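Undergrad: Let me begin by handing over the structure; questions about it come next.
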Amino acid sequence: MKRNLKLIVEILKDLESRKTIEAVTNQNIYVEGFSQRETYYNLELMKDAGLIEATKYDSKLSPFISVHKITWQGHDFLDAARNDTVWNKAEEQAKQQGQKLNELPFEVAKALLIAATKQFFRMDGGSTS
């Protein structure tokens with residue numbers, strides 16, 4: 001099973017859009033094109049990476065993760081990744097180096113997204129005129 005940054009972004013968007021995260025588990029998060037197993041696995045990774053606070057319940061019948069909140073780091077990552085123009089720019093930069101954004105170490109992918117966000121808003125020292 002692989003980490004999928006696009007799925008992670010979609011999960012974060014889903015969580016952010018809810019009025020409350022109480023009782024949100026992998027069993028009631030549905031992202032089109034992804035299985036419940038992929039969602040569960042990526043929620044585990046999100047918890048490990050500090051993007052969400054969650055509790056993992058190991059049940060032999062059906063293990064699940066209960067999400068408590070998106071962390072500050074999770075919100076920062078989502079803010080950097082939600083803009084399609086920024087995402088495409090980061091993917092393009094990774095591709096220029098012979099890599100896929102989705103296959104880079106998380107911190108490298110996040111850094112590319114943040115750099116692309118800075119370029120998008122011309123916060124990298126470039127002129128705005």
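The values are calculated or read from the model by the stated rules, or taken from the named source; none is laboratory data. This one's a predicted model, so the numbers in the text were calculated from it and none came from an experiment. Ideal geometry is used to build each Cβ from the backbone, glycine not excepted, and the neighbour counts take in all protein chains shown. Calculation scope for accessible area: heavy atoms of the full protein, side chains included, ligands and nucleic acids excluded. Shrake-Rupley method; radii C 1.70, N 1.55, O 1.52, S 1.80 Å.
Undergrad: Return the equivalent ellipsoid semi-axes of region 55-129 as a descending list in whole Å, where each equals the square root of 5 times an eigenvalue of the C-alpha gyration tensor. Walk me through the intermediate numbers first.
TA: Working: eigenvalues 206, 53, 15 Å².
Semi-axes from the Cα gyration tensor: 32, 16, 9 Å.
Undergrad: Using DSSP to call loops (not H, G, I, E or B), can you name the GluC sites (Glu not before Pro) in region 1-87 whose Cβ has at most 10 other Cβ atoms within 10 angstrom? List each step's numbers first, then the result.
TA: On the way: sites: 10, 16, 22, 32, 38, 44, 53; in loops: 22, 32.
Passing both the DSSP loop test and the Cβ count: 22, 32.
Undergrad: Right, something else. So with the 1.4 Å probe, I'd like the accessible area per residue for region 14-121, rounded to whole Å².
TA: On the way: 6660 Å² over 108 residues.
Accessible area per residue: 62 Å².
Undergrad: Filter the trypsin sites (Lys or Arg not before Pro) in region 36-112 to those in DSSP coil with at most 12 other Cβ atoms within 10 Å of their Cβ, and list the result.
TA: Those that pass, being in a loop and sparsely packed, are 60, 100.
Undergrad: Here is a further query. Need one number: nm distance between label points at residue 19 and residue 93, each 7 Å from Cα along Cα→Cβ, rounded to one decimal.
TA: 3.9
Undergrad: Another one. Just give me a number: lysine pairs in the chain, eight or more positions apart or cross-chain, with C-alpha atoms less than 14 Å apart.
TA: The number of close lysine pairs in the chain is 13.
Undergrad: Additional query: Find the centroid of the Cα atoms in region 84-123 and in region 8-48, then give the distance between the two in whole Å.
TA: 23
Undergrad: Evaluate the distance, in nm, between pseudo-label points positioned 7 Å from the Cα of residue 56 and of residue 122 along their respective Cα→Cβ axes.
TA: Distance between label points: 4.6 nm.
Undergrad: How much length, in nm to one decimal, is gained on full extension between residue 100 and residue 84, taken as 0.36 nm per residue of separation minus their Cα-Cα distance? Kindly include the intermediate steps, with their values, before the conclusion.
TA: Numbers: separation 16, 0.36 × 16 = 5.76 nm, distance 1.59 nm.
Result: 4.2 nm gained on full extension.
Undergrad: Given a Förster distance of 25 Å, report the FRET efficiency between residue 68 and residue 111 from their Cβ-Cβ distance, rounded to the nearest 0.05.
TA: Numbers: r = 27 Å, r/R0 = 1.08.
For residue 68 and residue 111, the calculated efficiency is 0.40.
Undergrad: Percent of accessible area on the chain owned by carbon and sulfur, 1.4 Å probe? Don't skip to the answer; put the middle values down first.
TA: On the way: 4040 of 8070 Å².
Answer for the chain is 50 percent, counting heavy atoms of protein chains only.
Undergrad: Would you compute, from DSSP H runs of 4+ residues alone, the mean residue ellipticity of the chain at 222 nm, taking -39500 (n - 2.57) per run and dividing by the full residue count, rounded to the nearest 500? Don't skip to the end; give the middle numbers.
TA: Working: 5 runs with 65 residues, N = 129.
So the helix-based figure for the chain works out to -16000 deg cm²/dmol.
Undergrad: I've got another one for you. Which angle from 0 to 90°, rounded to the nearest 10, does the C-alpha axis of helix 72-81 make with the longest principal axis of the chain?
TA: Tilt of helix 72-81: around 50 degrees.
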